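Below you will find the structure I want to go over with you.
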Amino acid sequence: IRGDISDHQADLSAEQPSSFQDARLPPAYEHPRWPRDSGCASSQGPRPPLRLSFREVLPRSNRMVNPADFRLAIRSGSRAGQQRLIVHCRTDEESDSRLVGFVVPKSQIKRAVGRNRVKRQLRHLMADRLSAQPPGARVVVRVKADALGVTSAQLGEELDQVLARAWKKWDRSLEGRA
């Protein structure tokens, strides 16, 4: 028996691998999000988003963020509305920049996912319509509950109608002042 053990031990290699790159931790000690291939360096920073097509978004410089701009457009601008949207608009003679703001109340659309989806749809729609707005335009688009779940095409049609009516009212109010 002793001879069999020594023959068996003689067949085992006592050498360690020359490089430690081949050495692996047992799966219980690995982090589940670390790359499996330790020879490859992980990429630094965020990865670019995968998109099917590029769609122009409303530039940040054209987004209304100042509460005073919202107040001014809502209180002193003209208003037009339909089933899903209400638009307040006015022009600011002191500025040539066009600003667009969105109001999506929690009372109308309860979940944040729904509110963000509608805002995203409207930002894309208004980006296409921004050049058609007069210089110095201040537009606030207020959303009603019926806007959730509507296609962008339907929302775009209603937005065009409401914008046209609101600007027509604004022009009439300017003529009345002059």
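The values are calculated or read from the model by the stated rules, or taken from the named source; none is laboratory data. Treat the numbers as computed from the prediction; the structure is a model and nothing was measured. Reconstructed Cβ throughout: ideal geometry from the backbone, glycine too, with neighbour counts over all protein chains shown. Ligands, DNA and RNA are excluded from the accessible area calculation, which covers all protein heavy atoms including side chains. Shrake-Rupley method; radii C 1.70, N 1.55, O 1.52, S 1.80 Å.
Could you grab the pairs with beta carbons closer than 6 Å, sequence gap of 6+ or different chains, first residue in region 120-133 and among the hydrophobic types (A, V, I, L, M, F, W, C), second one surrounded by fewer than 16 Cβ atoms within 10 Å (Cβ to Cβ)?
Matching pairs, first to second residue: Ala127/Glu56; Ala127/Val57.
So how many residues does region 124-142 have that are within 17 Å of Val65 (Cα to Cα), buried (at least 18 other Cβ atoms within 10 Å of the Cβ) and of a type outside the set (Gly, Ala, Ser)?
The number of residues fulfilling the criteria is 6.
Cβ-Cβ below 8 Å, separation at least six or inter-chain, first residue in region 83-106 and part of a strand (DSSP E or B), second open to solvent by 20 Å² or more (accessible area, probe 1.4 Å) and of a type in the set (Ser, Thr, Tyr): which pairs?
Filtered contacts from region 83-106: Arg90/Ser76.
If I filter region 107-121 down to residues being assigned to a loop (DSSP other than H, G, I, E, B) and among the basic types (Lys, Arg), which single residue comes out as most open to solvent (accessible area, probe 1.4 Å)?
Arg111
Within region 159-178, can you find the residues that are loosely packed, with under 15 Cβ neighbours inside 10 Å, part of a helix (DSSP H, G or I) and among the small types (Gly, Ala, Ser)?
Of everything in region 159-178, those that are loosely packed, with under 15 Cβ neighbours inside 10 Å, part of a helix (DSSP H, G or I) and among the small types (Gly, Ala, Ser) turn out to be Ala164, Ser173, Gly176.
Collect the residues in region 68-82 that are open to solvent by 40 Å² or more (accessible area, probe 1.4 Å) and either without any contact (Cβ under 8 Å) to a residue 24 or more places away in the chain or within 15 Å of Leu159 (Cβ to Cβ) (or both), keeping them in residue-number order.
Within region 68-82, Ala68, Arg71, Arg75, Ser76, Arg79, Gln82 meet the criteria.
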